[in-house]
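The next block holds one structure in the form of structure tokens; read it before the comments.
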Amino acid sequence: MAVRQHRWTISLLPLVAAVGIAALFRASLPIRDWNPYLTDAGELAGDWRDGRAVLRLHANGRYVCDGAACQALGATGSWKRSGDFFVAFQPDRPGDPVEWRVSRRAGRFQFVAGRTKGDPDSWSPRLTFEHRAPAS
């Protein structure tokens with residue numbers, strides 16, 4: 001008895017292969033840790049970048065920010081950890097404090113602006129400055 005090959009079986013092979021390759025690629029991407037373990041505030045000191053903007057967190061609790069992404073923080077101010085996963089910024093200019101969540105992906109810290117408290121289904125996160133190097 002001869003075995004018949006189905007055309008649809010052969011035509012699905014490239015699709016199945018593409019889905020498999022995409023799944024492997026996705027599995028190899030680093031996962032964002034929304035609640036990274038921080039030993040102390042000193043881990044956060046250093047240069048952070050968002051495009052061409054630079055946010056420099058000094059170990060003494062002061063910061064300097066330069067660039068278009070610094071609108072919420074202003075040019076200078078103070079910073080401190082707020083709870084386990086947040087940093088509170090108090091700009092020197094008049095205005096309300098700003099609180100951003102700290103996340104980690106691929107070994108690098110990144111700030112997350114927007115609503116990031118409570119039920120994650122109600123969050124509206126916006127990734128911003130990424131940590132580059134320790135302060136000198």
Discussion item. Which condition from (1) in contact (Cβ under 8 Å) with a residue 60 or more places away in the chain; (2) closer than 22 Å to Pro30 by Cβ is the one that Arg56 breaks?
Written reply: (2)
Discussion item. Any residue that is closer than 16 Å to Leu38 by Cα, touching a helix residue (DSSP H, G or I) at 6+ places or on another chain (Cβ under 7 Å) and either surrounded by fewer than 14 Cβ atoms within 10 Å (Cβ to Cβ) or among the aliphatic types (A, V, I, L, M) (or both) - is there at least one of those in segment 83-98?
Written reply: yes
Discussion item. Out of the residues in segment 40-53 meeting the condition of being without any contact (Cβ under 8 Å) to a residue 60 or more places away in the chain and closer than 15 Å to Phe109 by Cβ, tell me which one is surrounded by the most Cβ atoms within 10 Å (Cβ to Cβ).
Written reply: Ala41
Fill in: Close pairs from segment 109-123: first on the phi > 0 side of the Ramachandran plot, partner among the hydrophobic types (A, V, I, L, M, F, W, C) and surrounded by 10 or more Cβ atoms within 10 Å (Cβ to Cβ), Cβ under 6 Å, at least 6 apart
none
Practice prompt. Would you point out the residue of segment 39-66, among those that are of a type in the set (A, V, I, L, M) and in contact with a Cys (Cβ under 8 Å, 6 or more places away or on another chain), that is nearest to Pro97 (Cα to Cα)?
Written response: Leu55
Discussion item. Show me the strands (runs of 3 or more DSSP E) entirely contained within segment 61-136 in which 2 or more residues are more than 16 Å from the chain's Cα centre (by Cα).
Written reply: 62-66, 76-82, 86-91
Discussion item. Please determine whether any residue of segment 63-79 is surrounded by fewer than 14 Cβ atoms within 10 Å (Cβ to Cβ) and either at pLDDT below 90 or farther than 20 Å from Leu127 by Cα (or both).
Written reply: no
Item to complete: Inspect all residues belonging to segment 29-39 and state whether any of them is exposed (fewer than 10 other Cβ atoms within 10 Å of the Cβ), aliphatic (A, V, I, L, M), modelled with pLDDT under 95 and at negative phi.
Response: yes
Item to complete: Could you tell me whether Arg126 is within 21 Å of Arg52 (Cα to Cα), out of contact with any Asp or Glu (no Cβ under 7 Å at 6 or more places or on another chain) and at pLDDT 85 or above?
Response: yes
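The values are calculated or read from the model by the stated rules, or taken from the named source; none is laboratory data. The shown structure was predicted, so the numbers you read here are calculated from the model rather than taken from an experiment. So basically every Cβ, Gly included, is an ideal-geometry build from the backbone, and we count neighbours across all protein chains shown.
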